[in-house]
Amino acid sequence: MERVTLRIPKQQIEEVEQMVETGEFPNRSEAIRSAVREMLNEQQAEGRDSPTKHWAKV
């Protein structure tokens, strides 16, 4: 695996931490990997040629 550094708003990290604390994910990294997998799966289901519509400013 490769290491990636990213900036995430504090509120979102707190929500991820809560998911870890409740046992939904073993750690923050796995929670974020899961979110990336879900995003990629959704994009594949929509078709690779469709424009990305998930961009949002946080």
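The values are calculated or read from the model by the stated rules, or taken from the named source; none is laboratory data. Because the structure is predicted, anything quoted here is derived from the model rather than measured. So basically every Cβ, Gly included, is an ideal-geometry build from the backbone, and we count neighbours across all protein chains shown. Keep in mind that these areas ignore ligands, DNA and RNA; they rest on the heavy atoms of the full protein, side chains included. Shrake-Rupley method; radii C 1.70, N 1.55, O 1.52, S 1.80 Å.
Within the option set E42, E14, being open to solvent by 90 Å² or more (accessible area, probe 1.4 Å) and either assigned to a loop (DSSP other than H, G, I, E, B) or free of Cβ contacts under 8 Å to residues at least 40 places away in the same chain (or both) holds for one residue only, E14. Scan (1) in contact with a helix residue (DSSP H, G or I) (Cβ under 9 Å, 6 or more places away or on another chain); (2) modelled with pLDDT of 95 or more for the single condition E21 breaks and write down its number. Among (1) in contact with a helix residue (DSSP H, G or I) (Cβ under 9 Å, 6 or more places away or on another chain); (2) modelled with pLDDT of 95 or more, E21 violates only (1).
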